[in-house]
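Here the structure comes first, spelled out in structure tokens, and everything after it is commentary.
Taken together, the values in this text are just the output of simple stated rules run on the coordinates, not laboratory data. For clarity, every value in this text was computed on a predicted model and none was experimentally measured. Note that we place each Cβ from the backbone using ideal geometry, even for glycine, and neighbour counts take in every protein chain shown.
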There are 2 protein chains.
Amino acid sequence: MHTDDAQPAPVHSTDPRTGASRGPVAVEAGADAVDTAVRAAAATLPALADRTRRAEFLRAAADRLDAAADGITATADAETALGTARLTGELARTTYQLRAFADQLAEGSHLGLVIDHADPALGRPDLRRMKLPLGVVAVFSASNFPLAFSVAGGDTASALAAGCPVVVKAHPDHPATGELTARLVREAATAVGLPADVLRLVHGFEAGPALVRHPLTAAVGFTGSVRGGRALYDMAAARPRPIPFHGELGSLNPVVVTERAAATRAEEIGAGLAGSFTLGNGQFCVKPGLVLVPAAEPGVEKAVVAAAAQAPAAPMLDPRMREAYLEGVRERAAHPGVEVLLAGGAEAVEGAPLAVRAGILAVAAGELAEPLLEECFGPVTVLVRYRDAAELESVLARLDGNLTATVQLAADERGPEAAALLQRLVPLAGRLVVDGWPTGVAVAPAMQHGGPYPATTSTSTSVGATAIERWLRPVSYQNTPQALLPPELHDANPLGLPRLVDGRREA
Amino acid sequence: MHTDDAQPAPVHSTDPRTGASRGPVAVEAGADAVDTAVRAAAATLPALADRTRRAEFLRAAADRLDAAADGITATADAETALGTARLTGELARTTYQLRAFADQLAEGSHLGLVIDHADPALGRPDLRRMKLPLGVVAVFSASNFPLAFSVAGGDTASALAAGCPVVVKAHPDHPATGELTARLVREAATAVGLPADVLRLVHGFEAGPALVRHPLTAAVGFTGSVRGGRALYDMAAARPRPIPFHGELGSLNPVVVTERAAATRAEEIGAGLAGSFTLGNGQFCVKPGLVLVPAAEPGVEKAVVAAAAQAPAAPMLDPRMREAYLEGVRERAAHPGVEVLLAGGAEAVEGAPLAVRAGILAVAAGELAEPLLEECFGPVTVLVRYRDAAELESVLARLDGNLTATVQLAADERGPEAAALLQRLVPLAGRLVVDGWPTGVAVAPAMQHGGPYPATTSTSTSVGATAIERWLRPVSYQNTPQALLPPELHDANPLGLPRLVDGRREA
């Protein structure tokens, strides 16, 4: 029997609370199935060219997801144990994003319209520029956001908004949620007269590389680990025709607490930190994983330990992550100089025999070993005690790129020293947070969710209006008669789209 | 004797008309010299943060280059044989670009300023986004533009405008021009109070990879060949911390002549094509290298041969290119089915014993061998005769990405068929030209000089105002007191910068 004739492997859905499996809910895709999916998606590119239709589609998808909220959150909770409250919020975020991109399509600034009429004096022809979709976008679902960063999440919403068909690689932690979401989005497509194949879903480990290497794949959106993301990034770069790879890989999200902040706001900072690093059981890419605290002011340490000790044990997304978390805490705790302030470990609780507790480690800046500078997924954070500005700088100088960097200041620290500290953090991150916490990534035009490598493999954001820019490329039309131009570039501007015409803003 | 102690190899300047060398005009940089240059440049990043100062600097550099025009064009002509007229025009383009980016700095839209005030109802914090420089940019000079795409060319001008220090790898075809240009730009820097090291120049083959691999290099701008560009792109992607590589590698720049265009505008099209493919001795990245002509209408063929036969023989930029051109034409002519309409060959002319003549090859669409679809640098173009729409499509389907694609229509071809033909070319190129020629790349906001791979390794443009976007990354400030924000993001907007505030355009 040839392997070609083998039955595709079944995909099961597993409850992280109990380890119980059900299914199969889908089958794994080999290279052939991926090829079929990408070709089917690519064939919908012309149908997606209608911007009004796309906006309708995004709204219809949001409506259908909202209408199916109970089923979606129940399905996702059974696969992720994230809880109904969190998943209800995540679904609201997901449908908000879809509608925000529909609004963006009507507004039109993402088209980057520029018109320069011919200028014979400068020897310049008539030039008109706009942005067009790149082609099929491959989206990799994230383990930790079964809705907002998965099948109908930000990468998919922004790619569809851009006019790009999408093939999603489902995450094995929530295949049933993926299937349900995909079905609803595909139904929304046909309901507005678009082909269902504007979105395709594939499962299985082998599907990932096959998607990235497919000749018709034009760009990739990825959220996941440094190891997996870098391997796929390398594949995208090594293609005969390389493609953009927008990957969010890993981030420590450092926090700096000044001495005066610790002296004046210890309780507030400790409680805030505990809430932030244990939120979602520490399974956020923006979890504060390294906190620089002044050695002279132990108040923050005490407060965060007291607050985090109250956090209930909770299951992690899957057994592999659970083991990685427990092993990660163990390994870090074993380094010379590391003090265990709160032991993160396994703990069976009612209905969740596979739960874990939050952990807090502390170490002097001078004893900070390299592995403590690596992200550890789950509810653990590392407090690094610095004695002076030189020790603080010595730690900052060792940090890689991050999604966020946070500074906790005293109420009266608003002068040049505080400004210099904030400025020092700018090269380390894409988002700077003052007196707040990095968890909670607002969907807003001013959001930047992306930072220097390994936080992100490009300079883009995966959250907020400008995320659409990742899936577009500019094209200029030279000396082109009105009748042959796209309507967006006609001299008349009936839709009132924002354009730069001969150097002046129009609308 | 250690290799460390070896004298750096001298760099000579060679006259392509005669092959005569003079110098040394510089020395080659090994890894150590590149390290020194990159570190020196990186140290100027804080000084470049002042946007007003940067604009002053760009204008001062333009003024100094203009003032030294005679010396620069003479030096460049002696190294490139491009002629004083062309080089005078290229210098004007170069200084125009520098001043255009200075204007851009004052206008400020490149900063991408967005402010979203806190919205407690949405649970949204105050977020403020702006774009910041990436860091040191490595720029590779192009062989064929000793001024406009070299030391003070578009990549350098846009990177400096973005606030990025620049280390330029000089092109071995014009090292003396590079040295002279760099000296003037560095003098302009010190004249406005900036460190001279905002621009550093390095020479030698080894310097290229060392620059791309240097840990402090944050991005690369490249214009050159597919082979060299791809090797450097691969290095940039393989770094522990990958960096953006904006490379312009190669382009055939296809032209489609419709049957009715050939029937009604044969003389005009033939003359235009001859002018375009022989301009600059065919040493342009936008040279039309493949022209689809209707087999049924031979008028264009006759006209282009008649016009190109009049083009004077001229020297190529260097002996290696000259040999590659002569060999390239020979090889292509030897393919079955290829008809030599004009033999491109070597021809000694007065004062230029190493000159070459223009060549024109023709082949039926059905006999088009793969090597004829590869770019051949120099004054040669390939006419491909198509008999019907299916043959035309069969050729278009074989094309890679291009900087440009051109269509020649009859005056009355403005209907759906012409629109469909233009639409068919869009996936193939970054700039679509109607009834004109791709040579001549206007420096204008609506320009897109960049297309699908291998034309460009990213979706960016290297010409025009938006070229600055390549060297910036967005950063968001969350919940940051006014006193700690950059002035561009203060609530007051004294400079009148264009911003999107709570969804509305300001200024």
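For the reader, a short list of remarks on this structure follows.
- Whole-angstrom gap from the range A:23-85 to the range B:58-100, using each part's C-alpha centre: 56
- Ascending count of other beta-carbon atoms within 10 Å, so fewest first, for A:D400, B:D119: B:D119, A:D400
- Partner chain coverage, peptide A:113-125 - average Cβ within 10 angstrom: 3
- Amide H to amide H distances under 5 Å link A:L290 with A:V255, A:V382, where only residues 5 or more positions off or on other chains count and H is placed in the peptide plane.
- At 7 Å out from Cα toward Cβ: A:D502 inter-copy label distances (nm, ascending): 3.5
- Cα-based convex hull volume of chain A per residue, rounded to whole Å³: 176
- Added length on full extension, which subtracts the Cα-Cα distance from 0.36 nm per residue, B:A238 to B:A334: 30.6 nm
- Between B:E323 and B:A263, the FRET efficiency from the beta-carbon distance, with R0 = 45 Å, is close to 0.65.
- C-alpha long axis of helix B:226-238 to longest principal axis of chain B, angle in °: 30
- Burial ordering of A:F245, B:F57, fewest other beta-carbon atoms within 10 Å first: A:F245, B:F57
- Distance from the A-onto-B rotation axis is smallest for the Cβ of the chain A residue given, in whole Å, as A:A237, 2.
- Each of B:A306 and B:R39 was given a label point 7 Å from its Cα along the Cα-to-Cβ line. The distance between the two points is 6.6 nm.
- Relative to the longest principal axis of the Cα atoms of chain B, the long axis of helix B:51-67 lies at roughly 40 degrees.
- Charge sum, other residues only, whose C-beta stays under 9 Å from A:A446's C-beta, Lys/Arg counted +1 and Asp/Glu -1: 0
- Close amide-amide hydrogen proximity is noted between B:G464 and B:A444, each under 5 Å apart and 5 or more residues distant or on a separate chain (H modeled in the peptide plane; Pro and chain starts excluded).
- With a 10 Å cut-off around each Cβ of A:177-185, the average count of Cβ atoms from other chains is 0.
- Averaging the Cα positions of each part gives two centres, and for the range B:458-474 and the range A:341-409 these lie 37 Å apart.
- For A:N402, the residues whose modelled amide H falls within less than 5 Å of its own, excluding neighbours fewer than 5 places apart on the same chain, are A:A429, A:G430, A:A455.
- Its Cα gyration tensor gives the range A:319-401 an equivalent ellipsoid. The semi-axes, each the square root of 5 times an eigenvalue, are 28, 12, 10 Å from largest down.
- Calculated label separations, A:A343, copies of the chain, 7 Å along the beta-carbon direction, nm: 9.1
- Residues of the range A:92-112 falling in the label zone of B:R505, defined by backbone nitrogen less than 17 Å from a point 7 Å along Cα to beta-carbon, are A:104-112.
- Extension gain, A:R398 back to A:V27 (0.36 nm per residue minus Cα-Cα distance, nm): 129.2 nm
- With Cα atoms, 0 to 90° folded angle of helix B:259-278 axis to chain B main axis: 60
- Cα-projected label distance for B:A343 with B:E370, points at 7 Å along beta-carbon direction, nm: 3.0
- Excluding same-chain neighbours fewer than eight residues apart, the lysines reachable from A:K287 by a Cα-Cα span under 30 Å are A:K169, A:K302, B:K131.
- Shortest-first distances to equivalent copies, position A:D35, nm, label 7 Å out along Cβ: 4.9
- By the helix-only formula, in which each DSSP H run with n ≥ 4 contributes -39500 (n - 2.57) and the sum is divided by residues, chain A has a 222 nm mean residue ellipticity of -11000 deg cm²/dmol.
- Euclidean distance of C-alpha centroids, the range B:224-269 and the range B:412-445, integer Å: 16
- Sorted ascending by nearby beta carbons within 10 Å, beginning with the fewest, A:H449, B:H110 become B:H110, A:H449.
- Projected onto their three principal axes, the Cα atoms of the range B:35-159 cover extents of 68, 33, 24 Å, largest first.
- Computed P(r) (all Cα pairs; the protein assembly as shown; 20 Å bins; percent): 13, 42, 34, 10, 1
- Each label point was placed 7 Å from the Cα along the Cα-to-Cβ direction; for B:A121 and A:A118 their separation is 5.2 nm.
- Here the dipole of the protein assembly as shown is about 660 debye; that uses its Cα centre as origin and unit charges on the Cβ of Lys and Arg (positive) and Asp and Glu (negative).
- Positive end of the dipole of chain B (Cβ unit charges, origin at the Cα centre): among B:G299, B:G71, B:A314, the Cα lying farthest that way belongs to B:G71.
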